[in-house]
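The structure appears below as structure tokens.
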Amino acid sequence: PPMSRRSPITTHVLDLAGGTPAAGIEVRLERLAESGPSAIGSGVTDADGRVGDLLDSPAPPGLYRLVFETGAWFAARERETFYPRIEIVFSVESSDEHYHVPVLLSPWGYSTYRGS
């Protein structure tokens, strides 16, 4: 089936320290260009730690950035963090592909990879 209803760019945040999905993190999607970044989508991670509706149209090839407001999320849970904001820049090569960007989060570090 075509991916027309599924956002071409999705994310999933897991709280490694808590062993649970990281629900409630504000996420912004930006398209990067020489003229500067343009916000093109936003959302909040759901109970499963996912944001699946960042973009409702194909993502043209180019550079994009996901911005995760982790400081506010940790503060709401009365937890410290070294990373108050995570910014992940990635490249979209084809409008026909799905780009999933998971984040494994802890107060003192994070990792990411291209998921499926």
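The values are calculated or read from the model by the stated rules, or taken from the named source; none is laboratory data. Note that the structure is predicted; figures quoted are calculated from it, not measured. FYI the Cβ positions are ideal-geometry reconstructions off the backbone, even for glycines, and counts take in every protein chain you see. Just so you know, the surface numbers come from the protein's heavy atoms only, side chains and all, with ligands and any DNA or RNA stripped out. Shrake-Rupley method; radii C 1.70, N 1.55, O 1.52, S 1.80 Å.
With all protein chains in place and a 1.4 Å probe, the accessible surface of the chain carries 52 percent carbon and sulfur. Report the net charge of residues surrounding residue 51, where surrounding means a beta-carbon distance below 11 angstrom and charges are Lys +1, Arg +1, Asp -1, Glu -1. In short, -2. For the chain, the 222 nm mean residue ellipticity estimated from helices alone, with every DSSP H stretch of n ≥ 4 adding -39500 (n - 2.57) and the total spread over all residues, rounds to -1500 deg cm²/dmol.
For the range 7-42 and the range 60-74, what is the centre-to-centre distance using only Cα atoms, to the nearest Å? Going from one Cα centre to the other spans 4 Å. Dipole check for the chain: with +1 at the C-beta of Lys and Arg, -1 at the C-beta of Asp and Glu, and the Cα centre as origin, the magnitude is about 60 Debye.
Placing a pseudo-label 7 Å from each Cα along the Cα-to-Cβ vector at residue 39 and residue 72 gives an inter-label distance of 0.9 nm.
Positive contributions from Lys and Arg (+1) and negative ones from Asp and Glu (-1), summed over other residues with Cβ under 15 Å from the Cβ of residue 71, come out at -2. Taking all protein chains together and rolling a 1.4 Å probe, residue 28 ends up with roughly 80 Å² accessible. Report, for the chain, the % of DSSP beta bridges that are antiparallel, rounded to 5. DSSP beta bridges in the chain are roughly 80 percent antiparallel.
Each Cα pair under 8 Å and six or more residues apart adds its sequence gap; the mean of these over the residue count of the range 58-116 is a relative contact order of 35 percent. Stretching residue 17 away from residue 93 to a fully extended chain increases their span by 24.0 nm, per 0.36 nm per residue minus the current alpha-carbon distance. Both radii come from the Cα set of the chain: Rg as radius of gyration, Rh as Kirkwood radius; their ratio Rg/Rh reads 0.97. All other residues whose Cβ lies under 10 angstrom from that of residue 41 are scored, Lys and Arg at +1 and Asp and Glu at -1, for a net of -1.
Mean sequence separation of contacting Cα pairs (under 8 Å, at least six apart), scaled by the length of the range 2-115, corresponds to a relative contact order of 30 percent.
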